[in-house]
Amino acid sequence: MASIIEKRQSLHQCLARKEEENQVLRSQNTQLQALANLGSATCMIAHEINNLLTPLANYAALAVQNPDDKKLAEKALDKTVRNCLRASKIMQSMLALANGQRQERENARVKALVEEVFTCLCRDFGKDGIRVEIQIDDGLQISCIPVQIQQVLMNLVLNARDAMLPGGGLLRVSAAADTDHIDIAVRDSGHGITPENLKNIFRPFFTTKTGKDRPADSASGSGVGLAFCRRVVGAHGGEITVQSQPDQGSTFTVRLPRGRPRDDA
């Protein structure tokens with residue numbers, strides 16, 4: 001009997017030690033996760049800020065080349081101010097997302113979000129031989145953090161443009177609604193995605209933009225853009241999917257909760 005009691009006490013002591021070790025490991029895991037989140041946030045922020053700085057640099061260079069064009073200079077300065085404010089919001093938003101902080105959502109018009117993306121890009125897609133079609137009803141609204149969803153759309157639009165260079169094509173952004181959700185589709189008529197790449201397309205740091213056989217003005221990818229899109233859309237209670245075949249273009253669909261009517265009573 002004494003031997004059984006001693007074995008039981010020894011077992012309890014062993015379990016207690018294991019529990020302490022597990023507590024230490026859980027604490028270390030929390031710290032490592034925080035560092036991983038910070039690393040992801042850094043990559044995301046760098047990627048998104050670059051998306052804003054590139055068109056701003058183009059506008060500034062154009063203004064410098066045309067010093068007597070006052071309207072062009074004013075337009076470049078206006079874009080600079082607006083996109084600097086946007087960059088600040090993006091950094092705050094991305095850090096909050098990485099840290100798991102809660103951010104307030106609001107009802108936002110889908111068409112306005114899309115149009116603002118093209119305004120921020122400061123790029124005439126027609127010069128690339130790309131025809132842009134926006135097929136979105138004015139009344140469609142989603143419940144979202146606008147700056148985050150705009151960055152998702154900007155990523156998808158830029159990827160669509162890259163997929164159609166240098167030959168050009170059709171870029172269509174459309175939206176359809178059901179009772180609870182709105183599907184925003186970004187479709188291009190570009191080179192498409194192979195089945196092998198399609199299954200990895202949302203994996204962090206996976207990219208098909210290696211720089212080989214790419215147009216000169218199409219930047220190599222960092223592999224964080226689509227991973228960022230999936231994370232943001234998931235945080236909004238939505239999902240992002242893709243349909244694509246080689247040489248037949250791609251369609252990325254973002255499904256998000258509809259905006260709710262405000263109670264003004």
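What follows draws every value from the coordinates through simple rules; no lab data is involved. Predicted model only: the values in this text are computed from it and were never measured.
If you average the C-alpha positions of the range 48-84 and of the range 152-214 separately, how far apart do those two centres end up, in angstrom?
Cα centroid to Cα centroid, the span is 26 Å.
Quick one: which residues, 5+ away or cross-chain, put their amide H under 5 Å from the amide H of I130? H built at 1.01 Å from N.
Here G169 satisfy the definition.
Which whole-Hz couplings ³J(HN,Hα) result when phi for each residue of the range 55-60 is put into the Karplus expression 6.51 cos²θ - 1.76 cosθ + 1.60, θ = phi - 60°, listed in order with x for Gly and Pro?
Result, rounded to whole Hz: x, 5, 4, 5, 5, 4.
Past the 25 Å Cα-Cα mark, which pairs from K89/K199; K71/K127; K89/K111; K127/K199; K79/K111; K71/K111?
Cα-Cα > 25 Å for K89/K199; K127/K199; K71/K111; rest within.
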